[in-house]
1. By average Cβ neighbour count within 10 Å, what is the ranking of 35-47, 99-111 from highest down?
2. Through the Karplus equation 6.51 cos²θ - 1.76 cosθ + 1.60, θ set to phi - 60°, convert the phi angles of region 59-69 into ³J(HN,Hα) values in whole Hz; use x for Gly and Pro.
3. Return T34, T201 ranked ascending by Cβ neighbour count within 10 Å, so the fewest neighbours appear first.
4. Under the Karplus relation 6.51 cos²θ - 1.76 cosθ + 1.60, θ = phi - 60°, what is the ordered set of whole-Hz ³J(HN,Hα) values for region 116-125, x standing for Gly and Pro?
5. Efficiency by 1/(1 + (r/R0)^6): what FRET value for D3 and L187, r their Cβ-Cβ distance, R0 = 25 Å, to the nearest 0.05?
6. Rank-order 12-19, 71-78 by packing density, defined as the average count of other C-beta atoms within 10 Å over each peptide's residues, highest first.
7. With the cut-off at 29 Å, tell me which of the pairs K128/K249; K36/K169; K36/K96 have Cα atoms farther apart than that.
8. Any chance you could run the full-extension gain for A172 through I26? It's 0.36 nm times the residue separation minus the Cα-Cα distance, nm to one decimal.
Amino acid sequence: MTDAKTWGVTIAVLLGVLVFDLLLAIKNRKRETTLKEAALWTIFYVIAAIVFGINLQFNGVAGHGEEFFAGWLTEYSLSVDNVFIFIILLANLSVKRESAQLILLAGIAIALVLRGIFIALGSALISKFSAAFFIFAIILIATAWKLIKEKHGDEKVYKEGRIITALRKRGASTFTIALVAVGTTDLIFALDSIPAIFGLTKDPYIVFTANAFALMGLRQLYFLLAGLVDRLIYLSKGLAVILGFIGFKLFIEGLHGVGIHKIGFYEIP
């Protein structure tokens, strides 16, 4: 169990990075982020995650570093797919690329808070109810099946939800509408990603930090991937395999949790 001091320092550092990124986004709000800038910042966040994971492996509890890397890579892979949805969403709302910086950063901050709540609830649920493993497994396997059925060339369509429609009718600004849209969209994505990482580790600290590092570089990743929407044709299939495997793993853990260790003569691993 991670102590309160470690939690406090981690959250303080993450907030510091967010504030720095916010100041940078405000400073550069009147110009577009270049591909070179986006690439350099993406590399920076990837290196930061690697350094954190190595530190966790050698200075933390044995195995925690490996769990962090597995969780972070899974969340980062899912984040890439999420970024493509954000690209389509912001394009449909006619958001300027300059304004997208602040919207994405604010959306990341909202996502961190919401995912923190989800992680706390998920951790409490798993510790008390073994059936939670089956629920998470069903969510992941269903998502994997949906991704497998996707065909390259099928356009991902952004459908305006009731909240966005209501805001538009009330005369809300495009910035506000886009911010709410990004926040609610990430909340939906969290329903897939949080169960996925709980299939790899049960430690809420690792789950949170893996999510945080995967989310922190999304603003830069958005500008880096904006021109690649139609090129990563096997992304959905790759994610489907990952989610399907983790879903199966969660199902097996659920069976062990309810005391089922054998099916006929076959011993469940």
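1. Top to bottom by mean Cβ count within 10 Å: 99-111, 35-47.
2. The phi angles translate into 10, x, 6, 4, x, 5, x, 5, 5, 4, 4 Hz.
3. T34, T201
4. For region 116-125, the Karplus-derived couplings read x, 5, 4, 5, 4, 5, x, 5, 5, 5 Hz, x marking Gly and Pro.
5. 0.25
6. The most tightly packed comes first, giving 71-78, 12-19.
7. From K128/K249; K36/K169; K36/K96, over 29 Å: K36/K169.
8. Roughly 50.4 nm would be gained on extension.
Quick note: the coordinates plus some simple rules give every number you see, no bench work behind them. Treat the numbers as computed from the prediction; the structure is a model and nothing was measured. All Cβ positions, even for glycine, are placed from backbone atoms using ideal geometry, and neighbour counts span all protein chains on display.
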